[in-house]
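One structure is given here, and the rest of the page talks about it.
Values in this text are rule-based calculations from the coordinates and carry no lab data. All values reported here derive from a predicted model rather than from experimental measurement. All Cβ positions, glycine included, derive from the backbone under ideal geometry; neighbour counts span all protein chains shown.
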Amino acid sequence: MVAQPLRRWLCELALLVFFVGTLWGQTGSGDGAASQGQPSQTQPAHSQPAAGDDAHATPETIVSPKEGKELFRSVDEILRFASQDTDLPIKHEVKRRLAKRDEVQSYIEKNMKEDKDAKRLERSSQVLKKFGLLPHNFDLSAFLVTMLREQVAGYYDVKTKTVNLLNWVDVEQQKPVLAHELTHALQDQSFSIEKWMKGTSEKDDKNVDPTPADIETDEETSARQAVVEGQAMVVLLDYSLAPTGKNMLESPQIVEALKQSMLVGTADSPAFSQAPIFLKEELTFPYRYGLDFTAALLQAGGKELAYAGAFKDPPKTTREIMEPRTYLTHERIQPVKLIDMEKDFKGYDAFDIGAMGEFDVDVLVEQYAGRDEAGAIYPEWRGGYYFAGKPKKDKSAPIGLLYISRWSSPAKAAEFAAVYAASLAKRYQKRQGLGADGKVAQDAPPANSWRTLRGRHAWLTEEGVVMIEVRGDEILITESLDDDTTKKVEADFWPEENAAPAKP
């Protein structure tokens, strides 16, 4: 997954973010609004100043010692609710503390500095920019600190086994957050979240260099985080709706409104509101799709399947999260043929290697063709991976990129190839079509003029040649690779004994 280091970092932090600012307007404040699906006028009390503002410009209401004791007492009550809602047992008391704003800020920055994936996070950022999913001048690390600072509403620290409450947030508004975070505590007591989140990968945590083996397990963290956050979202909603006598499954309109609001942001979340489409989708993925995944399992097999069952037999891909039926039916997709990267990319230092899963496809298509087109195409994904590398002889050269994917049919492959070709108009200033002889073809149609794309096509850009080749239900794409490497990759993925490439 192209943003796997980002997801791993957020998992390490285990923060409840992104949705709380809009939650109060969807579930109401216990006055009956929720049961009617009508927005409440309650406003979030955990607003943070916009990036660059003085955090102390507006006096904050600090939780009093008396209110703090009340909040601490509610921890045990809410923990019992979460346990009853999930059937996850309470094995021991959960430690609790009231954190100050500067302590939370320090916690975020400390995790960023100490993150073992920091090196790969930077690599991932550059690959995302190559795909056009982040602007070229976008500072991902700075954005994460700013965004988390404005969005944080409480967190469960898996290392200290402590739920951290905030001393500047209204006590009553922290209780639904507690329901979410205490669900994490229950998950941790039964399944040890930190260890469970590592999945089946045996890769040394200290080794950040990418390898082809990463492809097979690249989406595990994303899928598992969706389980962790999705379960906690269900409990949060059940707790918020309890005064109305309803639960999440009985309130589909509220659930849908909440999921939609997560992507919009609020007036008190300027960093998130202004974030690129990719980041909004990426950062809310485990909450939105995880919520639907848990709900689907609840309907199919009750609490045992939805909670403990999902931990004992976890999903492995974003496809299983986005389409729970594929998890419930134990769908198995044949892996896409893996080329010999060490041999084919002998002239490159591996920069990043990973899976391009169903969620990646969804966001990529949304970025360049809109939400409706993305919703129609992503279910047709049947596998894919990428390689990004830097030429050994020229470290200043653009990143070279390989992207291979397979689809449910040749027609769907042709549709996705056309969307990808159209993206070139937004990613490169220079785009000249190349003929079969490798020379600029003056009469070549623009890259964004097709509804479907078949055969082999190439364009010359300011960062080198982009080639898109479609054969049947498979697509091979290269960007900024030298001609010799591109030919090696083609011959490896489609050996000479196979049929010749289809003509455009």
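Out of region 399-483, which GluC sites (Glu not before Pro) are coil in DSSP terms and have no more than 16 other C-beta atoms within 10 Å?
Values: sites: 415, 462, 463, 469, 474, 479; in loops: 462, 463.
When the GluC sites (Glu not before Pro) of region 399-483 are filtered for loop state and at most 16 Cβ neighbours within 10 Å, 462 remain.
From the Cα gyration tensor of region 341-493, with a ≥ b ≥ c the square roots of its eigenvalues, which class applies: rounded if a/c is under 1.5, or else prolate if a/b is larger than b/c, or else oblate? It is oblate, given that a/c is not under 1.5 and a/b is not larger than b/c.
Full extension of the chain between residue 76 and residue 462 yields a length gain of 132.9 nm, computed as 0.36 nm times the residue separation minus the alpha carbon distance. Backbone amide hydrogens, once placed in the peptide plane, bring residue 465 within less than 5 Å of 480, 481, excluding anything fewer than 5 places away on its chain. Net length available on complete extension from residue 342 to residue 62 is 95.1 nm, with 0.36 nm assigned per residue and the Cα-Cα distance removed. When you filter the trypsin sites (Lys or Arg not before Pro) in region 120-166 for DSSP loop state and at most 11 other Cβ atoms inside 10 Å of their Cβ, you are left with 159. Label-to-label distance for residue 426 and residue 452 is 2.4 nm, based on points extended 7 Å past Cα in the beta-carbon direction. The alpha carbon centroids of region 231-250 and region 132-206 are separated by 21 Å. Each of 124, 64 was scored by other Cβ atoms within 10 Å of its Cβ. Arranged with the fewest first, they read 64, 124.
Summing Cβ point charges (Lys, Arg +1; Asp, Glu -1) relative to the Cα centre of region 341-493 gives a dipole of roughly 280 debye.
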